[in-house]
Amino acid sequence: MDLEQIKKSAINEINNASDVKLLEGVNVKYLGRKGVLTNILRSLKDLSMGDRRKIGPKANILKKELEDLIGKKKNSFINFSKDDLFFDVTKPGLKISSGHLHPLSKIDAEVRKIFLSMNFSVVDGPEVESEYYNFDALNIPANHPARDMWDTFWLKSSGPAKSKFLLRTHTSPMQVRFMETHNPPFQIIVPGRVFRYEATDMSHEFNFYQIEGLMVGHDISLANFKFIVEEFCKKLFGPKIQFRFRPSYFPFVEPGLEVDIKLGSGSWLEVMGAGMVQRNVFDAVRYNPDEVQGFAFGMGLDRLAMIKYKIPDIRLFYNGDLRFVRQF
Ligand code: FA5
């Protein structure tokens, strides 16, 4: 086939191509890797110098011409595609994906709402804490064996700081900070992040969340604590929740106890430490322990979420796997 014939049949086929697919076929046939015109251009090197000079420029011009024609025809398909001419206003729009709350944020909001409904105020405290507030003022002096209960991330202190600093191991230091600047009666909760230098397992993280509770006033007793905690749990989990109150020891309460809860056929899970505020703590904030009483509790927020959402392993909250988070 000489160039004139190729040109004629190619233009003919381009004109007759009635859709993009057919046009692409023509493109491949003439200009593709093994296309008719491509073969001619490729074999130029085998021709004599004279033929090469004669055919080469013509073949290149034809190539450009066909590329232009195919390009123009392609545009004509795009410009007049059916989709462009017909816009279906009744079609549902594209769903815009927006983020949503992490299960721990959700339960945090729910817990706050319940306590606010019971007339508690919400108070915030620092995550970097001094040794004094985290331990000493809570009746846990240096060398007290109870310090071993909380494996601590100590911070390097800069300068001649009076007190060593640490990442708070619990939210209880806010009991002292709040009482130093407020007078009873009051009832507060302190939600916040806490840190412990300990190995992780299904129910233990080294970074987790607690909600401290503190109610101080006249004639406050453990009966008040029991009522508040039971009301709270029923509001969060429903009326079928079961409780187990066990005696326990924390230096800043007397008596001290721990509370386990169980939902349906699930297993018992320890969710909080609690008790009546110890006299030494009242002394540290200059309250008269003979005049006021109070109860305090510290709940594990992650543990509440595990029960509420039936999550078997606390580490799922923190591993960043979106397949987990998207279920909430
Ligand atoms: C305390 O932290 C005390 N401050 C609680 C308290 C407050 C007692 C006020 C008396 C008065 P404990 O170490 O037991 O106590 O922790 C309280 C709750 O935090 C536990 O019941 C548990 O629900 C949760 N928790 C403790 N350690 C972890 C951990 N490593 N990972 C996840 N949750 C934990």
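The values are calculated or read from the model by the stated rules, or taken from the named source; none is laboratory data. Only a predicted model underlies this, so the values are computations on that prediction, with no experimental measurement involved. In this analysis, Cβ positions are derived from the backbone assuming ideal geometry, glycine residues included, and neighbour counts consider all displayed protein chains. Surface areas here come from the heavy atoms of the whole protein model, side chains and all, with no ligands, DNA or RNA. Shrake-Rupley method; radii C 1.70, N 1.55, O 1.52, S 1.80 Å.
Of note:
- On Cα atoms only, tilt of 49-79 relative to the major axis of the chain in degrees: 50
- Two-decimal log10 I(q)/I(0) for the range 234-328, as the Debye equation yields it once each C-alpha is a single scatterer, q = 0.17, 0.18, 0.23 Å⁻¹: -0.82, -0.87, -1.11
- q = 0.07, 0.12 Å⁻¹: log10 I(q)/I(0) that the Debye formula gives for the chain, counting C-alpha atoms only: -0.50, -0.88
- Averaging the sequence gap over all C-alpha pairs within less than 8 Å and six or more residues apart, then dividing by the number of residues, gives the chain a relative contact order of 14 percent.
- Once Rg and the Kirkwood radius are both taken over the C-alpha atoms of the range 288-328, their ratio Rg/Rh works out to 1.35.
- Taking the convex hull of the alpha carbon positions in the range 89-222 and averaging its projected area over all directions gives 14.5 nm².
- Global form of the range 1-69, assessed from the alpha-carbon gyration tensor, a/c cut-off 1.5: prolate
- Computed about the Cα centre, the dipole magnitude for the range 56-187 is approximately 840 debye when only Lys and Arg (+1) and Asp and Glu (-1) carry charge, each at its Cβ.
- Heavy atoms of residue 163 accessible to a 1.4 Å probe, total area in Å² rounded to 10: 30
- The listed peptides 98-109, 290-301, ordered by packing as a protection proxy, come out as 290-301, 98-109 (highest mean of other Cβ atoms within 10 Å first).
- Accessible area per residue, Å², the chain with all protein chains present, probe 1.4 Å: 59
- Dipole magnitude of the range 103-325 about its Cα centre (Cβ charges: Lys, Arg +1; Asp, Glu -1), debye to nearest 20: 580
- Considering helices alone, the calculated mean residue ellipticity of the chain at 222 nm is -12000 deg cm²/dmol, with DSSP H runs of length four and up weighted by -39500 (n - 2.57) and normalised per residue.
- Accessible-area composition of the range 103-325, carbon plus sulfur, in percent [1.4 Å probe]: 52
- Ranked by the mean number of other Cβ atoms within 10 Å per residue, highest first, peptides 190-198, 10-18 order as 190-198, 10-18.
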